[in-house]
Amino acid sequence: MLSPRVKLRYVAHTIRHAPEGGVTYEVFCTAYRCGAESGPQAEQGAAQDWALRHTGRTGHHLFRRVYTDHAHVTHASESSHHPNAIGPEGDGR
């Protein structure tokens, strides 16, 4: 009986912010048993304004902020040619 042979090859990849995916901003109140949240916002200011209004209504003053972006993974040899690459090898530097 022949045993299968496995050949592993490690390939370098890069991961970079994908501007076409956008960024979302969310704020969560961390006051005991509150659970209020801003929901996903396209603008950072909208999420911050929600937190300020919530503080004004409730007196709660501690929040958790979450910023979510999208990323694009490319083979390292392709990263310098990807139109959305940002950084030393990309066009968006």
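Only residues in the range 50-72 that are at negative phi and of a type outside the set (Phe, Trp, Tyr) count as the first member; pair them with residues that are assigned to a helix (DSSP H, G or I) and modelled with pLDDT under 95, Cβ under 7 angstrom, at least 6 apart or cross-chain, and list the lot. What qualifies is Asp69/Gly21; His70/Gly21.
Cβ-Cβ distances below 6 Å connect the following pairs, each with a first residue in the range 1-30 that is at pLDDT below 95, a second residue that is assigned to a strand (DSSP E or B) and open to solvent by less than 50 Å² (accessible area, probe 1.4 Å), and a separation of six or more residues or different chains: Thr14/Thr74. The residue that is farthest from the chain's Cα centre (by Cα), among those in the range 1-15 that are among the β-branched types (Val, Ile, Thr) and surrounded by fewer than 10 Cβ atoms within 10 Å (Cβ to Cβ), is Val6.
The selection criterion, being touching a His at 6+ places or on another chain (Cβ under 8 Å), aliphatic (A, V, I, L, M), touching a residue at least 12 places away in the same chain (Cβ under 8 Å) and under 27 Å from His72 (Cβ atoms), does not hold for Ala47. Being within 25 Å of His75 (Cα to Cα), assigned to a strand (DSSP E or B) and in contact with a helix residue (DSSP H, G or I) (Cβ under 8 Å, 6 or more places away or on another chain), is that true of even one residue in the range 27-34? No, the range 27-34 has no match at all.
If you scan the range 46-67, which residues turn out to be under 17 Å from the mean Cα position of the chain (by Cα) and either of a type outside the set (Phe, Trp, Tyr) or surrounded by 14 or more Cβ atoms within 10 Å (Cβ to Cβ) (or both)?
Kept after step one, since they are under 17 Å from the mean Cα position of the chain (by Cα), are these residues of the range 46-67: 47, 64-67.
Of everything in the range 46-67, those that are under 17 Å from the mean Cα position of the chain (by Cα) and either of a type outside the set (Phe, Trp, Tyr) or surrounded by 14 or more Cβ atoms within 10 Å (Cβ to Cβ) (or both) turn out to be Ala47, Arg64, Arg65, Val66.
For the range 16-29, a residue qualifies if it is exposed (fewer than 13 other Cβ atoms within 10 Å of the Cβ) and on the phi < 0 side of the Ramachandran plot, and exactly one does: Glu20.
The values are calculated or read from the model by the stated rules, or taken from the named source; none is laboratory data. Note that the coordinates shown come from a computational prediction; the quantities given were computed from them, not determined experimentally. All Cβ positions, even for glycine, are placed from backbone atoms using ideal geometry, and neighbour counts span all protein chains on display. Protein only, heavy atoms only, side chains kept; ligands, DNA and RNA dropped before computing areas. Shrake-Rupley method; radii C 1.70, N 1.55, O 1.52, S 1.80 Å.
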